[in-house]
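Each remark here refers to the structure printed beneath this line.
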Amino acid sequence: MKIGSSARVLAFAGLALAACLSFVQAGGRSDRQAAVPPPPFWKEKPEKFRLTTGSNCLYQGDASSAVTVVQLFIPGGRNAVPEGRDGLAYLAARLAFGIPDFNLARDIMDQAVEMEIAVLEDCSVISLSCLSEKLEGSLRTVSQIIQNPVFTGVRIDGVKGVMTIFRKGEEDDAAETGHGAVLGALFSGRGYGSSQFGTEASLKALEKKDVTAYYGRYFVRDGILFSVCSDLDRETVGRLLEKYFTKFRQAGAEAQPSPAPPTLPANRDIVLDRGTKQTYVAKAFVLPAGSIEDWVKGYLLEVLLGKGQACRLWDIRSSRRLAYSVGAQTTWMRTCGLLEAWVETDNGKKAGAVAALDEVLGVLRDKGVTEDELAMSRTLAQAELLRTSETKKSRAQAMGRWEILGLRFDGLAALSERIGAVSADEMNAFIGRVLDPEKSISVAVGPQPKP
């Protein structure tokens with residue numbers, strides 16, 4: 001699953017072992033009734049409540065460590081960026097997160113607060129982690145920074161310089177470049193299809209008034225969602241959030257911007273010429289969104305295609321030796337999902353790798369998946385969900401992300417059960433509908449033949 005950016009490293013040895021153990025415990029049978037029931041997703045059930053300030057808060061108690069994670073989900077994200085103002089969401093969030101003076105910087109160091117920022121498709125996320133005994137001081141300091149941002153020309157130019165560096169770094173990553181190109185094609189370069197770190201032209205066009213307007217519209221009490229994992233009780237956490245986050249404007253009826261639906265471009269073959277020794281090739285497919293069932297099937301398809309040494313794409317690397325890296329990833333937005341199946345190969349093997357990728361997708365689409373193979377994918381998917389929810393930070397992000405996507409945070413608890421309930425017939429119908437070659441987009445990043 002793609003939550004932020006660059007999530008392509010495969011680390012599935014443990015997942016393969018878990019899958020094998022589950023298969024042995026089930027007696028080697030494909031009957032889902034014989035499988036070992038998955039463990040519960042939550043040790044402590046999360047809650048949702050409304051603060052007196054008007055903001056919503058998701059809370060999960062976790063006494064495993066004396067650490068608290070607080071994440072602020074700001075509505076908007078890349079989807080809210082106006083046309084021609086690429087990078088505005090990141091610029092505004094980074095400036096709102098900037099430490100304005102030495103005294104506040106010293107407070108943050110004294111409290112050992114870990115702070116992070118991410119701008120996603122439908123929201124921006126500001127995250128802080130600290131020892132629970134330091135939570136009040138940390139919230140006092142961080143709330144001063146976020147609620148009283150300094151939007152000066154010098155600071156704006158400084159962040160623009162950082163964004164330029166990030167953009168160039170992203171351009172050097174073929175997978176990130178290809179992913180951005182697919183989104184740009186599906187959304188005509190606007191909203192979800194805009195550049196996270198802006199373009200050279202958009203950064204020149206962005207001014208203080210743009211940042212001020214964006215901050216004023218989306219950094220609002222009834223739009224911000226807090227997501228918290230802590231050993232402190234709910235009442236203590238709520239009281240501190242209500243005490244220190246009171247200065248955001250009350251927006252009233254303003255809500256998350258309505259996302260535009262994806263549209264297949266006239267040219268579905270994207271070619272990006274790069275002077276590299278390798279070529280990245282991907283096939284992208286739009287996934288339905290809006291229900292947990294769609295998400296579960298999309299996630300299972302991601303695992304089936306490109307996760308672990310038993311996935312469908314693995315043979316392109318292991319037996320055929322046509323690629324040194326293969327995989328699949330899904331990106332979820334409020335309006336749709338996006339599945340990308342990809343290979344990275346030497347330039348001289350590009351033609352063979354592309355043909356092999358098309359063959360794997362075609363066979364899966366036409367012949368479907370067996371119950372035994374699906375059982376393996378279910379176990380891998382369930383194990384990955386548990387692995388990625390081990391930390392307080394990952395659980396806080398998962399709760400907030402699902403709430404923002406409209407799937408509801410409490411839907412997470414039923415994921416393992418829903419994954420286990422998908423039948424081969426249901427999965428094959430989904431695969432046949434989604435992997436339509438006439439509705440796919442291909443992208444190639446690497447050196448192109450000279451005319």
Of Ala112, Val69, Phe187, which is farthest towards the positive pole of the range 47-244's charge dipole, taken about the Cα centre with +1 and -1 on the beta-carbons of Lys, Arg and Asp, Glu respectively? Phe187
To the nearest 20 Debye, how big is the dipole of the range 47-244 about its Cα centre, given +1 on the beta carbon of each Lys and Arg and -1 on that of each Asp and Glu? 700
Convert each backbone phi in the range 145-159 into a coupling constant with the Karplus relation 6.51 cos²θ - 1.76 cosθ + 1.60 (shift: θ = phi - 60°), then list the ³J(HN,Hα) values in order as whole Hz, x for Gly and Pro. 5, 6, 8, 10, x, 9, 9, 9, x, 5, 5, 4, 5, x, 5
For the chain, what's the relative contact order in percent, using C-alpha pairs closer than 8 Å and at least 6 residues apart? 23
Estimated FRET transfer efficiency when R0 is 35 angstrom, pair Thr52-Ser291 (beta carbons, to 0.05): 0.60
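What translational diffusion coefficient, to the nearest whole µm²/s, does the range 218-303 have by Stokes-Einstein, given a Kirkwood radius computed over alpha-carbon pairs, a temperature of 25 °C and 0.890 mPa s viscosity?
Values: Rh = 18.7 Å.
After rounding, the answer is 131 µm²/s.
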Under the 0.36 nm per residue contour assumption, what length would be gained going from the current alpha-carbon distance of Lys367 and Arg433 to full extension? 22.5 nm
From the cross-link list Lys48/Lys243; Lys283/Lys350; Lys283/Lys367; Lys45/Lys393; Lys45/Lys134; Lys283/Lys393, the entries with a Cα-Cα span beyond 21 Å are Lys45/Lys134; Lys283/Lys393
If you line up the long axis of helix 234-244 against the longest principal axis of the chain, both from Cα atoms, how many degrees apart are they, to the nearest 10? 60
Helix 424-434: inclination vs the chain longest Cα principal axis, degrees, rounded to 10, gives 80
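How high is the relative contact order of the range 47-244, given as a whole-number percent (alpha carbon pairs under 8 Å, six or more residues apart)?
42
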If the only charges are +1 at each Lys and Arg Cβ and -1 at each Asp and Glu Cβ, what is the size of the charge dipole of the chain around the Cα centre, to the nearest 20 debye? 540
Roughly what angle does helix 13-25 make with the longest principal axis of the chain, taking Cα atoms, 0 to 90 degrees, to the nearest 10? 60
Distance in nm between Lys450 and Glu426 label points, each 7 Å along Cα→Cβ, equals 5.6
Which of the lysines could be linked to Lys208 by a straight reach, that is with a Cα gap under 19 Å, when you skip same-chain ones fewer than 8 residues away? Lys160
quick note, the chain, DSSP beta bridge pairs, % antiparallel (nearest 5) is 80
Between the range 140-171 and the range 41-61, what is the C-alpha centre distance in whole Å? 30
Report the rotationally averaged projected area of the range 47-244 based on its alpha-carbon convex hull, in square nanometres. 11.7
Fewest to most neighbouring Cβ within 10 Å: what's the order for Ile441, Ile292? Ile292, Ile441
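Where a number appears in this text, it was derived from the coordinates with a stated rule and is not lab data. Note that the structure is a prediction, hence the values are computed from the model and not measured. All Cβ positions, even for glycine, are placed from backbone atoms using ideal geometry, and neighbour counts span all protein chains on display.
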